[in-house]
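Here is the structure we will look at, set down as structure tokens.
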Amino acid sequence: YGANELVVGPDETVTTSGDGPRDELAATEPGPLRLEGEGAVVFEDGRVVAVGDGDELAREYPPENAETAVDADGGCVLPGFVDPHTHAVFAGDRSDEFAAKLRGKSYQKILAEGGGILRTVRAVRETPEDDLVADLCERLDAMLARGTTTVEVKSGYGLDVETELKTLSAIDRADRSHPVDVVPTFMGAHAVPGGSDAERYTDRVIEEQLPAVADQGIAEFCDVFCEEDVFSVEQSRRILEAGTEYGLTPKIHTDEFANLGGTRLAADVSAASADHLLQSTDADIDALLSEDVTPVLLPGTAFGLGGEYPDLEPYRERDAVPAIGTDFNPNCYALSMGFAATLACVGVGMTPAEAVLGITAHGAAALDREGGLGTLEVGSPADLVVLDAPTHAHLPYRYDVDAVESVLKGGDVVS
Ligand code: NIG
Ligand code: FE
């Protein structure tokens, strides 16, 4: 209770009569619904049962009778953030690559010399599963404190059956032991391991890794890095189609450095999302939107690689708002969705309302989630973020110390 503003979902932001500047809402959203007094969200058994006027709801559901009552104290209440793209299980230290990139060495050159992803692969192979779980849980703590209540985590620093299974098992254990919901993605096709070529390694992903991953029964999505000198469109297609046969929903990293046509593949195989999209054309974006593939932008990665951001215009022209993810990984050491939202505004040019939509409802769409995840409608999960600030604009606006005051997961105060 006590909210100055409630961000309910794509169709409405409920603001109260309280003063304070109002951000212009995204073109795709109807204007805010104004309430007379404060706003409130009521939840029961982990689900939202009512949203709206605080006085009215307080009569129906007196806060003093509630098991959990949180005073938003004039702050903004939003859905918990849904981060649709991370590589949060890793080991080792690649901070020296940060310095090398500053000296002008490219990400691709580092990878071609056996650094980058391949270096993290060596470290993850040597790290016991228990340590991977402990490190992941520490990162989940940090994410939760910044408002993330659901996060997708990819494997892909194993590149062999044993280590891919170990990574997925670590993801599953973290999911069970931590309040943040963790969505597992198999990404055996994250890079081509040394001593192999892409074609032969593609065969191994399909013939050895996918059956074992399906048997293990943890992964929900299958992702590939469709990129020049990594996996071609044809190789990516073989992997994603084989994954589909094992019941894994496709996702794709594409158009990060070169446009090979991965968006058309994403549309063909009905991927849940296509991610990065720095080099995508209007026709690529048409292909994604017409097949209901959620476009995911990762402005943190663009920031770290020199600040070339995707063009928002094609999305605007099509009344579409892309999802936003952190892409948290050793090459993009940034796990805060608030910071990703800042970069989505300052770098990509989204409005604060669009960025908030990108890290909530649209993040959930990139994970094919139904049931209201990423919204605060009646029936949505009671995953809430309370800002120490009157409106959602303060989330991207405050870009170092974030405005997240408290976080609820399934109706419990967890941060
Ligand atoms: O999404 N592009 C491939 N994967 C990650 C980077 C992973 C890494 O460098 O360790 C990404 O940016
Ligand atoms: Fe990625």
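The residues of region 29-49 that are surrounded by 13 or more Cβ atoms within 10 Å (Cβ to Cβ) and either at pLDDT 95 or above or under 26 Å from the mean Cα position of the chain (by Cα) (or both), listed by number, are Glu29, Pro32, Val41, Val42, Phe43, Glu44, Gly46, Arg47, Val48, Val49.
Here Ala174, Ala134 are screened, and the one residue that is touching a strand residue (DSSP E or B) at 6+ places or on another chain (Cβ under 9 Å), on the phi < 0 side of the Ramachandran plot and either assigned to a helix (DSSP H, G or I) or at pLDDT below 95 (or both) is Ala174. Taken over region 74-119, the residue count meeting the criterion of being within 10 Å of ligand 1 (Cβ to nearest atom) and within 21 Å of the chain's Cα centre (by Cα) is 5.
Per the conditions (1) within 16 Å of ligand 1 (Cβ to nearest atom); (2) more than 18 Å from Ala91 (Cα to Cα), the sole criterion not satisfied by Ile206 is (1). When region 244-255 is filtered for residues that are on the phi < 0 side of the Ramachandran plot and either away from ligand 2 (no atom under 16 Å from the Cβ) or surrounded by fewer than 24 Cβ atoms within 10 Å (Cβ to Cβ) (or both), the ones remaining, listed by number, are Thr244, Glu245, Tyr246, Leu248, Thr249. Go over the candidates Ala355, Ala334, Ala340 one by one and state the one that is closer than 18 Å to Ala142 by Cα, crowded, with 24+ Cβ neighbours inside 10 Å and in contact with a helix residue (DSSP H, G or I) (Cβ under 7 Å, 6 or more places away or on another chain). Among Ala355, Ala334, Ala340, only Ala340 is closer than 18 Å to Ala142 by Cα, crowded, with 24+ Cβ neighbours inside 10 Å and in contact with a helix residue (DSSP H, G or I) (Cβ under 7 Å, 6 or more places away or on another chain). Scan region 332-345 and tell me whether some residue there is aromatic (Phe, Trp, Tyr) and within 16 Å of ligand 2 (Cβ to nearest atom). Yes, that holds for at least one residue.
Filtering region 213-226 to residues that are within 16 Å of ligand 1 (Cβ to nearest atom) and either surrounded by fewer than 24 Cβ atoms within 10 Å (Cβ to Cβ) or of a type in the set (Phe, Trp, Tyr) (or both) leaves Phe221, Phe225.
When the residues of region 258-311 are filtered to those that are within 12 Å of ligand 1 (Cβ to nearest atom) and at pLDDT below 95, the one that is surrounded by the fewest Cβ atoms within 10 Å (Cβ to Cβ) is Leu305. Scanning region 226-275 for residues that are touching a strand residue (DSSP E or B) at 6+ places or on another chain (Cβ under 6 Å) and touching a residue at least 40 places away in the same chain (Cβ under 8 Å) yields a total of 11. Note on region 52-82: among residues that are of a type in the set (Val, Ile, Thr) and part of a strand (DSSP E or B), the one that is surrounded by the fewest Cβ atoms within 10 Å (Cβ to Cβ) is Val77. Inspection of region 142-149 identifies no residue that is surrounded by fewer than 22 Cβ atoms within 10 Å (Cβ to Cβ), within 16 Å of Val205 (Cβ to Cβ) and touching a residue at least 24 places away in the same chain (Cβ under 8 Å). Evaluation of Thr167 against the conditions (1) more than 16 Å from ligand 2 (Cβ to nearest atom); (2) farther than 20 Å from Gly325 by Cα; (3) touching a residue at least 60 places away in the same chain (Cβ under 8 Å); (4) outside any loop (DSSP other than H, G, I, E, B) shows that the sole unmet condition is (1).
If we scan region 360-376, do we find a residue that is closer than 30 Å to Ser106 by Cβ, out of contact with any Gly (no Cβ under 6 Å at 6 or more places or on another chain) and assigned to a strand (DSSP E or B)? No - not one qualifying residue is present in region 360-376. Being in a strand (DSSP E or B) and crowded, with 20+ Cβ neighbours inside 10 Å: is that true of Val124 here? Considered against the rule, which asks whether it is in a strand (DSSP E or B) and crowded, with 20+ Cβ neighbours inside 10 Å, Val124 comes out as no.
Just one of the listed residues (Glu234, Glu220) is more than 20 Å from the chain's Cα centre (by Cα), assigned by TED's automatic domain parsing to the domain that holds Val321 and not aromatic (Phe, Trp, Tyr), namely Glu234.
The set of residues in region 282-330 being closer than 15 Å to Ala365 by Cα, out of contact with any Gly (no Cβ under 9 Å at 6 or more places or on another chain), part of a loop (DSSP other than H, G, I, E, B) and not β-branched (Val, Ile, Thr) consists of Glu291, Asp292, Ala320.
The values are calculated or read from the model by the stated rules, or taken from the named source; none is laboratory data. Nothing here was measured: the structure is a model prediction, and the numbers come from that model. Glycine also receives a Cβ, built like all others from the backbone with ideal geometry; neighbour counts cover every protein chain displayed.
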